[in-house]
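Undergrad: Got a structure here, written out as structure tokens. Questions coming.
The values are calculated or read from the model by the stated rules, or taken from the named source; none is laboratory data. This structure is a prediction, so every number in the text was calculated from the model and none was measured. Backbone-built Cβ (ideal geometry, glycine too); neighbour counts: all protein chains shown. Just the protein is used for accessible areas: all its heavy atoms, side chains included, with ligands, DNA and RNA removed. Shrake-Rupley method; radii C 1.70, N 1.55, O 1.52, S 1.80 Å.
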Amino acid sequence: MLNQSEDMGADEFRKVRSAERALDLLELLATSVEGLSFSQIGSALGLPKSSLSGLIRTLDARGYVTRTGDGRRFRLGPRIAELSAGLRQDEDIIGAARRAARRLAQQLGEGAHVAILDGDSVIYIAVEDSTHSMHMASAVGQRLPTHATAVGKSLLAVLSDSAIDLLPTPLEARTEQTITSTADLKRELAHIRRLGYAYDVEELAAGLHSIAAPVLDHTGHAVAAIGVSIPRARLDAGVITHIAALVRGAAAEASHTPHPASAPWVPGRVRVAWSMGTLRQEAYQIVYQTVRRRSAAAGADVVWADARNDAIKQAVDVAQLLELRPDVILIHPAHALLAEQLFALAAQAGVPAINFQRPVRGRDIPFFVGGNTYEQGRMTAASVARELGGSGGVAIIGGDPYNDNARNLAQGIYDELRRHAGVSILTDQPCLSWSRAHARDLAEQALTEHGEGLGAFIVANDDMAGGVAEVLAARGLTGRVVLVGGDGDLEALRRIRSGEQHGTAFQNWLALADETLRLAVAVARGEVDHTRLQRRSIFYSPPGPPSYVLDLPYVFADRQHLAPLETFWETALAGPGH
């Protein structure tokens, strides 16, 4: 709980006698306008003279008790009035927040609410219902976990990281999207502090999005938060971006202190905005931590946003990042088919953009930095063909078929396997969600349909390959069926060492972080050395318009060639944050 010490449980609570006496005295004096004499107080409280004398002297020194003009009686001191003024101010702020929430609900036709922080929960103190038949059911007094709600995260973001450490762990998972790691929550709160709003992507309930901002008192303390909740079915990028601006404005209007400017840039540094489609993957966390460590030395100040694999949230993130007037923006798309509009927004704002890691089809993609996943596919398929001795059946479990990285990877696999007449593709199934669980299901289906004719699995990434490895182990096929993945995850390294996985294709993510940061600074300063970049399409099926491309090469690691992957992880794990 945020309002208790770490080592004090509810069952261990013991009342503090001196505190009880002080409160009894104050409550007694509050019943008398004219004041009470020393003997009257002693008689009413049943305290010995020595104890009462010390108590009154202490409270008098702090301004909580004072003598009447004749010096014979005691009454409440001026400090009590100061505290009650603060309470009235909070009541004024909460009243303003309630009125702001009511205006939001009337303006948008969507549900709005005001919440306050209570330990590791938020409590709704005002609820304005949506006018739509389909809406979130909520009520005054409802208690919800802070980490799974936009209002809760906006209130937590005002606190220190040491206060966040007091949350009970593990954090409760309300949906598959709920943040359950304290480290992940701290990273999210750091982004909220710089962007000025909190976003709940189906973290409390499937199909529900919420956005919220804090309401501040005259000291900058968050008294409450205003939020709006909308079912995903009624969302689009334009609507939620507009709502986000209205929520931030309503919270600022209700506050007694102006909201600090979002993301105040560090003077003298290149202003870099970085919108990530997700930071949940291990590789992307390495990029994030590496850039954070090295940005100052590179002369850059980086403001991050994590879309958590949601294109709607990413639209809000990019719009807000562009409002901060960065010198350059990097966009790692949550959804490749919907990403072109994000680059169009950057072009309209006059901000140069770099497409990071997940290629996008569009006219406003001047730079791409990442890897050539077509070549990754070829080297992966070549390794499988060698392991099969040039003959056998292969099952491909790909990624999102609308993601051009997945398409490029698949094209490289197809082109390479055509060179091996004895190797045939028995099944080729996309996995839209890049889900480990879905990959398990697809592996079960492939093994059931093709039995002993299936000699190898080629899987789009190592997390999904982990699901396939579980199926092979359950069927007693570990080591008998070849399994390859991609990304070079730490778990994949363990599986390759133990023989559960044959190999993986990976990039050096530390080098990718360095090269990307270097390119971003050069683009912002107009100092790009185009001779270091390739001028080509970033697509293979079908090709698209050319961009300036910075590729970090892929390396294939298996038990015979594991040193590059081991060296990478030794270096990565030695860095701060690991």
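Undergrad: Pull out a ≥ b ≥ c, the square roots of the eigenvalues of the alpha-carbon gyration tensor of the range 370-504, then state rounded if a/c is under 1.5, prolate if not and a/b is larger than b/c, and oblate in the remaining case.
TA: rounded
Undergrad: With just the Cα atoms defining each centre, how far is the range 142-168 from the range 407-438? Give it in Å.
TA: Answer, in whole Å: 43.
Undergrad: What do you get for the angle between helix 78-108 and the principal long axis of the chain? Use alpha-carbon atoms, 0 to 90 degrees, nearest ten.
TA: 40 degrees
Undergrad: When the accessible area of the chain is computed with all protein chains present and a 1.4 Å probe, what percentage of it is carbon and sulfur?
TA: The value for the chain is 50 percent carbon and sulfur by accessible area.
Undergrad: A further question follows. What are the ³J(HN,Hα) couplings of the range 172-182, residue after residue, when phi is run through the Karplus curve with 6.51, -1.76, 1.60 and θ = phi - 60°? Round to Hz, x for glycine and proline.
TA: Calculated HN-Hα couplings, in order: 5, 8, 8, 9, 5, 8, 4, 6, 10, 9, 4 Hz.
Undergrad: Would the range 496-578 count as rounded, prolate or oblate if I go by the C-alpha gyration tensor, calling it rounded below 1.5 in a/c and otherwise prolate when a/b exceeds b/c, oblate otherwise?
TA: Oblate, because a/c is 1.5 or more while a/b does not exceed b/c.
Undergrad: Can you give the FRET efficiency for Arg103 and Arg193, using 1/(1 + (r/R0)^6), R0 = 22 Å, r = Cβ-Cβ distance, to the nearest 0.05?
TA: It comes to 0.25.
Undergrad: Cross-link partners among lysines for Lys186, C-alpha distance below 23 Å, same-chain residues fewer than 8 apart left out?
TA: Excluding near neighbours in sequence, the set is Lys153, Lys313.
Undergrad: For an R0 of 45 angstrom, estimate the FRET efficiency from the Cβ-Cβ distance between Gln341 and Ser160 and round to the nearest 0.05.
TA: Here the calculated transfer efficiency is 0.75.
Undergrad: Roughly how many Å is it from the Cα centre of the range 500-578 to that of the range 261-298, as a whole number?
TA: So the separation of the two Cα centres works out to 17 Å.
Undergrad: Tally Lys/Arg at +1 and Asp/Glu at -1 over every other residue whose Cβ is under 12 Å from the Cβ of Ser37; what's the total?
TA: Residues close to Ser37 contribute a combined charge of +2.
Undergrad: Heavy atoms only, probe 1.4 angstrom, no DNA, RNA or ligands counted: give me Lys313, Lys186, Lys15 ranked by accessible area, highest first.
TA: My answer, sorted largest first, is Lys15, Lys186, Lys313.
Undergrad: Work out how much length Thr531 to Ala245 would gain on full extension: take 0.36 nm times their residue separation and subtract the Cα-Cα distance, in nm to one decimal.
TA: 98.8 nm
Undergrad: Treat each spin label as a single point 7 Å out from the Cα along the C-beta direction, and report the Asp415 to Gln560 distance in nm.
TA: 2.5 nm
Undergrad: Using the alpha-carbon atoms, what tilt in degrees (0 to 90, nearest 10) does helix 282-294 show relative to the longest principal axis of the chain?
TA: Between the helix axis and the principal axis of the chain, the angle is about 60 degrees.
Undergrad: What residues have an amide H closer than 5 Å to that of Ala224, excluding those fewer than 5 places away on the same chain, when H is modeled at 1.01 Å from N in the peptide plane?
TA: Here the answer is Val215, since their amide H atoms fall under 5 Å of that of Ala224.
Undergrad: So what's the angle, to the nearest 10 degrees on a 0 to 90 scale, between helix 404-417 and the longest Cα principal axis of the chain?
TA: Helix 404-417 sits at roughly 30 degrees to that axis.
Undergrad: Between the alpha-carbon centers of the range 339-388 and the range 450-494, tell me the distance in whole angstrom.
TA: Between the Cα centres of the range 339-388 and the range 450-494 lies a distance of 26 Å.
Undergrad: With the other protein chains left in place, how much accessible area per residue, in square angstrom, belongs to the chain at a 1.4 angstrom probe?
TA: About 44 Å² of surface per residue is accessible.
Undergrad: Continuing with the same structure: Sorted by packing (mean other beta-carbon atoms within 10 Å per residue), highest first, where do 143-156, 281-294 land?
TA: 143-156, 281-294
Undergrad: Asp92 to Arg72: extension gain in nm, 0.36 nm per residue of separation minus the Cα-Cα distance?
TA: 3.5 nm
Undergrad: Could you name the aspartates and glutamates whose alpha carbon sits less than 18 Å from that of Lys15, not counting residues in the same chain fewer than 8 places away?
TA: Excluding near neighbours in sequence, the set is Glu6, Asp7, Asp24, Glu27.
Undergrad: Convert each backbone phi in the range 52-65 into a coupling constant with the Karplus relation 6.51 cos²θ - 1.76 cosθ + 1.60 (shift: θ = phi - 60°), then list the ³J(HN,Hα) values in order as whole Hz, x for Gly and Pro.
TA: Per residue, the Karplus-derived 3J(HN,Hα) values read 5, 4, x, 5, 5, 4, 5, 5, 5, 4, 8, x, 8, 10 Hz.
Undergrad: Let me ask something additional. Using 0.36 nm per residue, how much length does the chain from Val140 to Ser433 gain when fully extended, once their Cα-Cα distance is taken away?
TA: Roughly 101.8 nm would be gained on extension.
Undergrad: Taking a ≥ b ≥ c as the square roots of the Cα gyration tensor eigenvalues, with a/c under 1.5 meaning rounded and otherwise prolate when a/b beats b/c, else oblate, which class fits the chain?
TA: Taking the square roots of the gyration eigenvalues as a ≥ b ≥ c, the chain is prolate.
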